[in-house]
Amino acid sequence: MSISSIPATPQTCLICNAPLSFDRARMDRLCGRGECDWRYALLRRQNRVCTVCGRPLATSESAAQVCAAPACRRAAVEDIAQRVQERNQARWEALIQQEIEQAKQLRDRVITAFGVEKPESFPLVVIPAFTAKLVNLPERRRRNFRDHLNTLIGQAAILPDTVPAADRECAASSGLGSTPEAKTVMGMACACCKGLCCEGGGDHAYLDVATVRRYMAEHPDQRPRDVLAAYMDRVGRRTYEGSCIFHQSDGCALSRDMRADLCNRHYCKALGEFRQNLPTEGPVRAFFVSAHYGVVHAAALAHGDQMLVVQGVPPPQASTPTGE
C-alpha cells in the first residue's frame, strides 16, 4: 500500500469519537458499542446525519441535511442538480408525449371530417410554436443594427468577393424544398410556427460580411449607402419581443437574397426530418401542429401547394403532467 493511501487523520467513531482500528474503519464508522449503535440509528431515523458522509449534524446543519464540510456541500449540490435535471427531463418528455397525443387526436378528427379513411396518410409534423407578443421597436435597437450593418458594409467593400456565383445562389436557396410544391409547403409550415428560430437574431439578424458581400455582388448597381438604405427600409416599427429586429407579424421582413445564409438554410429538427422524407412523386401531404410546453397553438393541413388552417385549436386539454 502506498503512503498516499493512508488517511491523514485516524478514523474515529461518529458518536463517541473513539479511535477505530484499521479493520473496524474498513467495515463501519462506529466503534461497535451498543450505545453508539443505538444513538446513531436514532439520529438516522430523525434525519440528523449528513446524507453524504454520515456524520451527525449540528442543529444549524439539520435543515440542509448535509454537514459543513466543503466536499459534502459540493456533493449535495451536485446531487440536487442531478435530481432536478432528471425531474425536468421526465416532465419535458411527458409534455412532448402530450403534444404528440393531442396532435394525433386533432389530425384524426380533422382528416375524418373530410371523409378520408386513413388519417395517417397525412404525416404528423409537430413543430415549435412561437408565442411572444408584438411590441414597438425601441430606437436603441434600430441604432444598434445600423451600427452593425455599417461595419459589415465597410468590411465587405474593402475585402474582395471570393465566393463563386454558383455558391452564392446555393447559399441563398439551400433552405428551400427541392420542388416548387415542397418550397410552398415548407414555407407554410414555418408560418404555422411563426418563427421560433428567429429568436436569436437580436439586433444583428445573423448578418455577416459574407451575407453583405453576396448581396452587393447580386446588386452591383447599389453603392454602400444604397445597401444600408435597402436594409434599413425593411426595419419596421414593431417586432416580436425578444426576437430578431426583422421578425414582424407577417414573418421575416427581409427577402431571401437579403437574409443570412443561416436563415435561408435552417429548419427545426421536425421540419428537417420531414423535408428529408418528402415523396419523390405525388402531392406533398402533411398535418402540421405547432405546440409550446404541451399546449397546441395552431394547426394546418397541407395537400400539394394548398394549405388549410385548422380552426378550433387547441383541442381539449388533458391534465398537465408534473413529472413527479
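Each value in this text was obtained by applying a stated rule to the coordinates, not by laboratory testing. Treat the numbers as computed from the prediction; the structure is a model and nothing was measured. FYI the Cβ positions are ideal-geometry reconstructions off the backbone, even for glycines, and counts take in every protein chain you see.
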Net charge, Gly187 excluded, C-beta distance under 15 Å - Lys, Arg +1, Asp, Glu -1: +3
Asn150-Leu134 pseudo-label distance in nm [points 7 Å out on the Cα-to-Cβ vector]: 3.0 nm
Set of the range 194-228 residues, backbone N closer than 15 Å to the point 7 Å along the Cα-Cβ line of Arg141: 195-206
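What number comes out for the charge environment of Ala132, summing +1 per Lys or Arg and -1 per Asp or Glu over other residues with Cβ under 14 Å away? Mind dumping the intermediate values first?
Details: positive: Lys133, Lys194, Arg238; negative: Glu199, Glu241.
For residues surrounding Ala132, the net value is +1.
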Residue-averaged [θ]222 nm for the chain, counting only DSSP H segments that reach four residues, each worth -39500 (n - 2.57): -13500 deg cm²/dmol
Radius 13 Å from Cβ of Pro283, net charge of other residues (Lys, Arg +1; Asp, Glu -1): -2
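What's the FRET efficiency of Glu281 with Arg223 using the Cβ-Cβ distance as r and R₀ = 41 Å, to the nearest 0.05?
Numbers: r = 47 Å, r/R0 = 1.16.
That pair, Glu281 with Arg223, gives E of 0.30.
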Gain on full stretching of the segment that runs from Glu199 to Asp37 - 0.36 nm per residue minus C-alpha separation: 52.3 nm
HN-Hα J in Hz across the range 107-115 - Karplus 6.51, -1.76, 1.60, θ = phi - 60°, x for Gly and Pro: 4, 4, 5, 5, 5, 4, 4, 8, x
